[in-house]
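J.: Before I ask anything, let me first share the structure, which is written out below as structure tokens.
The values are calculated or read from the model by the stated rules, or taken from the named source; none is laboratory data. None of these values were measured; they are calculated from a predicted model. Ideal geometry is used to build each Cβ from the backbone, glycine not excepted, and the neighbour counts take in all protein chains shown. Surface areas here come from the heavy atoms of the whole protein model, side chains and all, with no ligands, DNA or RNA. Shrake-Rupley method; radii C 1.70, N 1.55, O 1.52, S 1.80 Å.
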Amino acid sequence: MDKYGRMTSCWLLIHILLFSCSSAHNDFFTSIGHMTDLLFTEKDLVASLKDYIRAEENKLEQIKKWADKLDVLSAAATQDPEGFLGHPVNAFKLMKRLNTEWGQLENLVLTDMSDVFISNLTIQRQYFPNDDDQIGAAKALMRLQDTYQLDTNTISTGELPGSSSSHRSILTVDDCYDLGKVAYSEADYYHTELWMVQALRQLDQDETSNTVDTVTILDYLSYSVYQQGELDRALDFTKRLLELDPAHQRAKGNLRYFEYQLTKQKKMEEREEEEEETEGRQRKGRPDDYLPERKKYEQLCRGEGLRMTPRRQSRLFCRYYDNNRHPKYVIGPVKQEDEWDHPRIVRYHNIVSDREMEKVKELAKPRLRRATISNPVTGVLETAHYRISKRRATVHDPQTGKLTTAHYRVSKSAWLGAFEHPVVDEINQRIEDLTGLDVTTAEDLQVANYGVGGQYEPHFDFGRKDEPDAFEELGTGNRIATWLLYMSDVQAGGATVFTDIGASVWPKKGTAVFWYNLHPSGEGDYRTRHAACPVLVGNKWVSNKWIHERGQEFRRRCGLQEYH
């Protein structure tokens, strides 16, 4: 089999493997785990591209050698044509060249060496990220920008907190412009302005190798600042645009309109008239959204916000824990650390091995799907594992009543049953031994991998009073407790924050965090409202175990008092 046959066979194998993993679009940006596959796909495509380049170079080299040989021959022959052809060998070779060899050269020139590469690329493109992925990744960058209060230049230069210099990558003028266009398409004029200004700044520094020009950027800029009520700046940007392109029809119309509006605004004296004039335009600043606790949530993600008093903090301890002399842990107790007092949140250190975590990831990765979760507007709880087979996360839109993808959780998840591998069964048993709770009625182990800017906004794990049927199909009662296992370190961001109490718990590979969602009375503990902060730098893997009320009657007895 020749080189091209081997390439075709290799790509057919890749095609089969990819098709077996996914037959539809996968929301790549929502899982770093799935995005790693794209890197290897791109690497293989680059190898195929290099094979094509080498084939073209070999082809041109053959043509060049032929041309050089004939150049020397024809130069000598044409000096004395009759004498040259008087030699019968020369006459024969001329006939042969014109009848046969020039035809072979024609075939060589007409041979399209790109066929194999184009065929491979066509096969792979159906599995590439689509517009939704690119838009999702762009929104993730803007979410990180807001949450961690990063300026556009910091992001553009790749100098993010916690990032390695070897992995840093810069945003080009075109990249910044594309980010601004995504914001513009969402009527988010705040971020449109930020990224168009960054694109303009970089374009002024280097005007080479860019597909976008200053006029286009200024066109977006003038409108975005106008929508935020800044008529003076809108006018300035429009004038600058017209200096570069005096024939720009939209800019000429905007110039007259902005001048008229600015004159009218200056003449206004009454506040009501001024408010009426600015109606329909956003106020300067970040647009409002559906999450009332956004500011507090983001402060906690940055490690700011509420702080525990030194007196309370002095009552938090680390200890060797054997769960009331459990036989498995009498000789080898585990390390337990208090993370918070009310409600009590504890962390177990070195609770699983690297081998076990890698096996769990290996089992989960082929099944990762966009997570189905609770809607922060309606409060509808996360769909349990018996419905996780849906390829994309769907929740009811409170306005349209239709199912829609949940964009406030950027991650993918999979569910692992205890029967699937001994490692899963061992982890489940470890949870039962350390918590003292029965896990036979718990949900399967949920494994989640967070994507670009991966997050899960504030939510409750338990079903509230206005959700009496939240777990009815399971028949195991409400979620009494949560076990959260961190299966990777995260270089920056990715904390688990409790917005009601102001606690921030940071990921640490091999540790697990545990808390009760319900008081002993069965009432929900609203202090456990929590969120997964956006991952700024790194790859976040976690696994969740939600333990239910059924089976805990004699393990955590019911009481009328609240749990402190």
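J.: Grab every C-alpha pair in segment 118-253, bin the distances at 10 angstrom width from 0 up to the longest one, and report whole percents.
T.: P(r) over segment 118-253, rounded to whole percents: 11, 35, 33, 16, 5, 0.
J.: Evaluate the Debye formula for segment 410-564 with equal point scatterers sitting on the alpha carbons, no solvent, and hand back log10 of I(q)/I(0) at q = 0.16, 0.17, 0.21 Å⁻¹, in q order, two decimals.
T.: -0.94, -1.06, -1.48
J.: May I pose another question? If DNA, RNA and ligands are ignored and the probe is 1.4 Å, what is the ranking of L200, L141 by accessible area, most exposed first?
T.: Sorted descending by solvent-accessible area, the residues read L141, L200.
J.: Continuing with the same structure: Calculate, in whole percent, how much of the Cα-Cα pair population of segment 406-449 lies beyond 11 Å.
T.: Values: 650 of 946 pairs.
Tail of the P(r) past 11 Å holds 69 percent of the pairs.
J.: Can you compute the equivalent ellipsoid semi-axes for segment 422-498, i.e. the square root of 5 times each eigenvalue of the Cα gyration tensor, sorted largest first and rounded to whole Å?
T.: After scaling each eigenvalue by five and taking roots: 24, 20, 11 Å.
J.: Shifting gears a bit: With N set to the residue count of segment 455-536, report its C-alpha Rg divided by 2.2 N^0.38 Å to two decimal places.
T.: Here the answer is 1.19, to two decimals.
J.: I've got another one for you. Label L108 and V330 with points 7 Å out from Cα along Cα→Cβ: what is the distance between them in nm?
T.: Label-label distance for L108 and V330, simple model: 8.5 nm.
J.: Take the alpha carbon atoms of segment 286-334, find their radius of gyration, then divide it by 2.2 N^0.38 Å using N residues; give the quotient.
T.: After normalising by residue count via 2.2 N^0.38 Å, the value is 2.02.
J.: So, by mean Cβ neighbours within 10 angstrom, what's the order for 242-251, 153-162, 168-177, 188-197 with the highest one leading?
T.: Details: 242-251: 13.0, 153-162: 15.1, 168-177: 17.8, 188-197: 23.9.
Highest-to-lowest ranking by the protection proxy: 188-197, 168-177, 153-162, 242-251.
J.: Need the list of lysines near K264 for cross-linking: C-alpha distance under 29 angstrom, and skip anything on the same chain fewer than eight residues off.
T.: K239, K252, K284
J.: Give me the distance in nm between label points sitting 7 Å out from Cα along the Cα-to-Cβ direction at N130 and E472, one decimal.
T.: 3.5
J.: When the chain is fully extended, how far beyond the present Cα-Cα distance does T157 get from K93, taking 0.36 nm per residue of separation?
T.: Computed gain between T157 and K93 is 16.7 nm.
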